[in-house]
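Here is the structure we will look at, set down as structure tokens.
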Amino acid sequence: MSDGQKKSSPSPVSVSARFLTADYLLPISAAPIANGAIVVDGKKIVAIGTKSELAEEFTQIKVEDFGEAAIMPGLVNCHSHLEITAMRGFLDDAEADFYSWLIKLTKTRGERLTEADVKIAALAGALEGARAGVTCFGDIGRFGVAGFQALKTNGLRGVVFQETEFSPIDETADEDFKKLTDKFLELKAGETALVRAGLSPHAPYTVSRKLFELITDYAIKENIKISVHAAESNQETDLMETGTGFFADIYKNLNLEWNAPRSSSIEYLSQIGVLRAKPLLAHCVKVSESDIERIEESDSRVAHCPKSNAKFGHGIAPLEKFLRRKIRVGFGSDSVASNNNCDILEEARFATLVARSAANGSRFLTATEIIEAATLGGARALGLDREIGTLEVGKQADVIIISLDNVAQQPIHDVYTALLFASNARDVRLTLVAGEEIYRDGSALKIDEAEVKAKLREISAKMRE
Ligand SMILES: [Zn+2]
């Protein structure tokens, strides 16, 4: 590097600065750049342009050329449950009956798995994300510390939403709130620049009205991000609107009194004030036009999880309507127990196909707007778009590089369609978070992948005993 410095007077950067180039660069905030390049210094992006422009400006930095590939902002997975990664493929025999699915999940998590097991599972899930070009997670954790540590250990960015326990009655709300905030404050104390803590009142049908109100007031006062599962299934709608069906039967069996609000989940969340906190609403499958208006007017956000919804047979959330109204929507894998993977390119592809099909051609989502939703959209949904989501000078260097040279992707006529319709997680070559390389060409750089996989196999054997 000192040679370069003698030859000219390049723009000043530190000795650790990196110059990455490839046939395509997608800033997302602007049109793709052919033969594009990015200069990363420390945690931030310091230059974007063509390879030739930046090569003249930064003569002192070694050029790393990825050839036929796309450099783009990291993908954002705005709804995951990393802590149940060990359940991948374990609940499929029960998913035709949502009740059996929930019971098998809860029993296994409670009786078979230790805290250490859950932490290993979360670590594996976070690594799966890093390998898939996910640089930022919105993770929900009943055992929040597992996801929190997993993101930190893998060098990932994210918000971990500490989830409520089953807490459907007002009488215990103060106690429930105390339990939740104790766990949240523990996470909060361990926050870093990359990993932050939020709160997740689980869903309108498992959290009492009083607890919702306590959490909302606290979140608004303390500026805490919250995420809620909402309008996911017909069973939820039945309980909320008529006090009948699957969940009502469970409550009857548990001798719990449940007064149906006789409104939709979104209407209910609006009525009791939760939408004031601009929550990230996961699913929003069962939403009416007026529900969508409420989401838009309150500036609530949506985590769209089409594969999980389809795998359960829950239906299709109206992505095209969310996008038309400029609602902040990103993609979520949900847990790998109901997906069964964390591959945001695949999620985005599936989202596009089902949205086009469901809209009967009335609106045709484009590859460009969907790739934007998978990056900037997710960042906006998590309220992190000032820091990430696009490749722009001054933003955090959350950058991925996706190879386009597999015969299954060739030829490339348009980079957006090649990425959306012909690429997947396994094409990712490099994942950088805040300038730090966490995955490259098959190798995890922050954790021992072989060890994590070996432990996961031990855990799965124990689960099947
Ligand atoms: Zn979920």
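The values are calculated or read from the model by the stated rules, or taken from the named source; none is laboratory data. Predicted model only: the values in this text are computed from it and were never measured. When we count neighbours, we look across all protein chains shown, and the Cβ atoms used for this are built from the backbone with ideal geometry, even at glycine. Ligands, DNA and RNA are excluded from the accessible area calculation, which covers all protein heavy atoms including side chains. Shrake-Rupley method; radii C 1.70, N 1.55, O 1.52, S 1.80 Å.
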Residues in the stretch 359-370: is at least one within 14 Å of the ligand (Cβ to nearest atom) and of a type in the set (Gly, Ala, Ser)?
-> no
So which residues in the stretch 294-321 are out of contact with any Leu (no Cβ under 8 Å at 6 or more places or on another chain), open to solvent by 30 Å² or more (accessible area, probe 1.4 Å), in a helix (DSSP H, G or I) and touching a residue at least 12 places away in the same chain (Cβ under 8 Å), if there are any at all?
-> GLU296, ALA310, LYS311, LYS321
Among (1) under 22 Å from GLY389 (Cα atoms); (2) more than 16 Å from the ligand (Cβ to nearest atom); (3) not polar (S, T, N, Q), where does CYS342 come up short?
-> (2)
Only one of (1) touching a residue at least 60 places away in the same chain (Cβ under 8 Å); (2) within 30 Å of ALA31 (Cβ to Cβ) is not met by LEU123, so which one is it?
-> (2)
Do we have any residue at all in the stretch 426-434 that's assigned to a loop (DSSP other than H, G, I, E, B) and open to solvent by less than 20 Å² (accessible area, probe 1.4 Å)?
-> yes
Leading residue by the ranking (nearest to GLU387 (Cα to Cα)) among those in the stretch 68-81 that are open to solvent by less than 10 Å² (accessible area, probe 1.4 Å) and within 16 Å of the ligand (Cβ to nearest atom) | VAL76
Of the candidates LYS51, LYS43, the one satisfying the condition of being under 14 Å from GLU392 (Cα atoms) and out of contact with any Leu (no Cβ under 6 Å at 6 or more places or on another chain) is LYS43
Looking at (1) in contact with a strand residue (DSSP E or B) (Cβ under 8 Å, 6 or more places away or on another chain); (2) open to solvent by less than 50 Å² (accessible area, probe 1.4 Å), can you tell me which one ALA355 breaks?
-> (1)
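Determine whether THR181 is open to solvent by 10 Å² or more (accessible area, probe 1.4 Å) and more than 16 Å from the ligand (Cβ to nearest atom).
Answer is yes for this residue.
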